[in-house]
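Below is one structure, written out as structure tokens; the observations come after it.
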Amino acid sequence: MTNIEPVAYPNRYTTWTRSDLLEEVRTKVKKSRFEHILRVEEAALLLAKQYGADPEACSIAALLHDYAKDSSRSEIEGLVSDGHIEAVLLDYGSQIWHGPVGAYYAKETFGVEDHEILQAIDQHTIGGEEMSLIGKILFIADYTESGRDFPGVEKARELAKKDLDEACIYKITQTLLHLVQTGKRIYPHTVTVYNTWV
Ligand code: DGI
Ligand code: FE
Ligand code: FE
């Protein structure tokens, strides 16, 4: 694994220091997920360097992207009843809600206002019809981080080095295939994103 210098946060996007932010994330997610999150940050920083994106923004997006993945259903129901989160997300489970809920916490807990960071977190599981550079970097870093091991991950890593958009198309297509092959329900927006990209 390549070691990358930790990003200094000059507080352009959050008043939290990187280490305080990390400690908060550590308390909220299980250990294996916390380790995944660190690897996603590392992958995102490599892509940020390659594609000329802001490393601080990519770091924050990566460190917060799965913040809500271990949240309980009752926690999400509370957010829905307070009007913060759309009720339809409850029909599809944490795979689908953790992106939007993560974006909500990025704003409310960590004070992130930057639209591209919030949208990147929101979209990181299913992608979006329109994705910013930061959004694409998070989407692909999450898919190709060094701990990922699934058929096709090497191909995804190669595409990521050559063409970020091609890597996005690959992830969108492979994920949909996998969901169909394993008999999972498809969130309607997943199909919309597929149709936009493919
Ligand atoms: O949170 P991570 O595990 O790091 O990664 P992720 O946020 O990309 O979540 C991946 C999972 O989400 C993967 O198992 C596929 C699933 N997923 C993506 N789109 C859909 C979906 N699951 C369902 N049921 N429906 C979808 O449309
Ligand atoms: Fe996720
Ligand atoms: Fe993730």
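The values are calculated or read from the model by the stated rules, or taken from the named source; none is laboratory data. Since the model is a prediction, treat every value here as computed from it, not as a measurement. We place every Cβ from the backbone using ideal geometry, glycine too, and count neighbours over all the protein chains shown. Surface areas here come from the heavy atoms of the whole protein model, side chains and all, with no ligands, DNA or RNA. Shrake-Rupley method; radii C 1.70, N 1.55, O 1.52, S 1.80 Å.
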Where labels lie 7 Å past Cα in the beta-carbon direction, separation of Lys162 and Asp70 in nm = 3.8 nm
Percent accessible area from carbon and sulfur atoms, the chain, protein chains only, probe 1.4 Å | 50 percent
At 222 nm, what helix-only mean residue ellipticity would the chain give, in deg cm²/dmol to the nearest 500, using -39500 (n - 2.57) for each DSSP H run of four or more?
-> -20000 deg cm²/dmol
Any lysines with Cα under 21 Å of the Lys161 Cα? List them, leaving off those in the same chain fewer than 8 positions away.
-> Lys49, Lys136, Lys171
Using only alpha carbon pairs under 8 Å that are at least six residues apart, calculate the relative contact order of the chain and give it in whole percent.
-> 20 percent
Fully extended contour minus Cα-Cα distance, from Val198 to Asp149, at 0.36 nm per residue | 15.2 nm
Work out which helices of the chain, taken as complete DSSP H runs, extend at least 18 Å along their axis over the Cα atoms and score a mean Kyte-Doolittle of -1.0 or more, then list them.
-> 31-51, 94-108, 164-181
Compactness check, the chain: C-alpha Rg relative to the 2.2 N^0.38 Å globular estimate gives 0.97
Counting only heavy atoms of the protein chains, get the accessible area per residue of the chain (1.4 Å probe) and round it to a whole Å² value.
-> 50 Å²
Simple spin-label estimate for Lys31/Lys184, 7 Å along Cα→Cβ, in nm, reads 2.6 nm
